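Readers should treat all values here as calculations from the given coordinates under stated rules, not as data from a laboratory. All figures in this text were calculated on a predicted structure; none of them were measured in a lab. Methodologically, a virtual Cβ is constructed for each residue, glycine included, from the backbone with ideal geometry; neighbour enumeration extends over all protein chains shown.
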Amino acid sequence: MDTPSTTRTALVTGGVRGIGLAISAALARMGMQVAMNYTNSSEEKVAAAVEHVNCHRADPRPDRDGRTWAVRCDVADEQQVKSMIDEVVQRGDGLDVLVANAGIIRDNLSAFMDLADFKTVLDVNLVGAFLCAREAARVMMRQRRGRIIFVSSISGLDGNAGQANYAASKAGLVGMAKTLAKELGQRGITVNVVAPGLIDTDMTAALPAELRERYSAATSLRRLGRPEEVAAAVAFLASDAASYITGQTLRIDGGLCL
Ligand code: NDP
């Protein structure tokens, strides 16, 4: 699964924290150059994340060659996304893997949800992923190869009370991935989705302990997931081993759906 690849370049949106950071590390371990996107994290946190990812390389050493770097961009902003992809392509000499992982929540029961909160979540989670995928696809079509992986959620597949905005955005990724898979397959580009269950990150740290325990009890494995467990699946989908898989959604939920 850890396909050696010294020249491939990956972009991970929301790549400096949580699941995104674990994905960045997993792709670096495969030998890829990794551009880690962020928007609000502090410079200190970003620098630490870049160092952390380099430590996961087979040949950890000071990153004089610039194999890992951070790129600031709000994925919901079309112009910023265009600039980010241009920068990554120039610095990485192409773009082979896009992991559209950046995401936010603004939970509330639908009857009480502000329209602004509904739209903001759609803008970041769905429109942001579209913008990144569109710009990446333009590069990958010229290269005639590429991997696009969306980070969805079981909320998008099953629904979840209090998450009408989030679930809609994550369900949208599934339909978009299938469409892109059909559009881009003949250019050698695969498009897939991972749909994690509850994973232990900043995003879920604030959830009431009772809810986290209820979720754990409902899984076959009786626990929350770890970011590295999502990253392993993404790394597989980005590897040569997954060359004939496209348009698929992989649940990573510890057996919640069983
Ligand atoms: P975190 O809240 O820990 O991290 C979110 C990341 O997204 C951060 O790096 C953040 O950047 C980035 N981000 C947010 N908004 C933007 C934006 N507008 N532009 C660019 N980057 C942005 O979340 P997780 O690691 O938990 O989640 C990662 C993905 O996995 C999300 O899409 C989430 O929906 C999904 N997911 C998470 C689950 C979980 O249980 N944790 C379950 C299922 C899916 P910055 O660091 O600058 O703030």
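Starting from the exponent 0.38 and prefactor 2.2 Å, build the expected Rg for the range 72-205 from its residue count and divide its actual Cα Rg by it. Write down the numbers at each step before the final one.
On the way: Rg = 15.3 Å, N = 134, 2.2 N^0.38 = 14.1 Å.
So the Cα radius of gyration is 1.08 times the expected 2.2 N^0.38 Å.
Could you derive backbone 3J(HN,Hα) for the range 97-104 from the dihedral phi with the Karplus parameters 6.51, -1.76 and 1.60 (θ = phi - 60°), listing whole Hz in sequence and x where the residue is Gly or Pro?
Using θ = phi - 60°, the values come out as 9, 10, 10, 8, 10, 4, x, 9 Hz.
Counting only residues 5 or more places away or on other chains, whose amide H sits under 5 Å from the amide H of residue 11 once H atoms are built in the peptide plane?
So residue 11 has HN proximity to 35, 97, 98, 99.
Using the Karplus equation 6.51 cos²θ - 1.76 cosθ + 1.60 (θ = phi - 60°), what ³J(HN,Hα) coupling, rounded to whole Hz, does each residue of the range 45-54 give in order, writing x for Gly and Pro?
5, 5, 4, 5, 5, 4, 5, 4, 5, 5
Given the options 206, 105, 132, identify the residue whose Cα lies farthest towards the positive end of the charge dipole of the range 99-208 (+1 on Cβ of Lys, Arg; -1 on Cβ of Asp, Glu).
132
Report, in debye and to the nearest 20, how large the dipole of the range 205-246 comes out about its Cα centre when Lys and Arg carry +1 and Asp and Glu carry -1 on their Cβ. Spell out each step's value before the answer.
Working: 5 positive and 5 negative charges, 42 e Å.
Dipole magnitude for the range 205-246 comes out near 200 debye.
Kindly write out, for the range 118-129 in residue order, the coupling ³J(HN,Hα) from the Karplus curve 6.51 cos²θ - 1.76 cosθ + 1.60 (θ = phi - 60°), rounded to whole Hz, with x marking Gly and Pro.
4, 5, 4, 5, 4, 4, 6, 6, 10, 5, x, 5
Please state the charge dipole magnitude for the range 1-139, taken about the Cα centre, from unit charges on C-beta atoms (+1 on K and R, -1 on D and E), reported in debye and rounded to the nearest 20. Kindly include the intermediate steps, with their values, before the conclusion.
On the way: 15 positive and 19 negative charges, 65 e Å.
Here the size comes out at about 320 debye.
Going by amide H atoms built from the backbone, whose H comes under 5 Å of the H on residue 68, apart from near neighbours?
34
Give me, ordered by chain and number, the residues 5 or more places off residue 191 or on other chains with an amide H under 5 Å from its own placed amide H.
For residue 191, whose amide H was placed from the backbone, the distant partners under 5 Å are 148, 247.
Students often check this: by mean Cβ neighbours within 10 Å, which of 204-211, 81-88, 145-152 ranks highest, and how do the rest follow? Each step should come with its number before you reach the end.
On the way: 204-211: 10.1, 81-88: 19.1, 145-152: 25.6.
Ranking, from highest mean packing down: 145-152, 81-88, 204-211.
Taking a quarter of the surface of the Cα convex hull of the chain, what do you get in nm²? All intermediate terms of the calculation are to be shown ahead of the outcome.
On the way: hull surface 53.2 nm².
Averaged projected area of the chain's Cα convex hull equals 13.3 nm².
Could you rank the peptides 241-248, 164-171 by their average count of other C-beta atoms within 10 Å per residue, with the highest value first?
For the peptides 241-248, 164-171, the packing ranking is 164-171, 241-248.
Can you give the helix-only mean residue ellipticity at 222 nm for the chain, where every DSSP H stretch with n ≥ 4 adds -39500 (n - 2.57) and the sum goes over all residues, rounded to the nearest 500 deg cm²/dmol? Walk me through the intermediate numbers first.
Working: 10 runs with 116 residues, N = 258.
So the helix-based figure for the chain works out to -14000 deg cm²/dmol.
Please get the size of the charge dipole for the chain, origin at its Cα centre, with Cβ charges of +1 on Lys and Arg and -1 on Asp and Glu, quoted in debye to the nearest 20. Can you show the working numbers first?
Numbers: 29 positive and 29 negative charges, 150 e Å.
Charge dipole of the chain: 720 debye, to the nearest 20.
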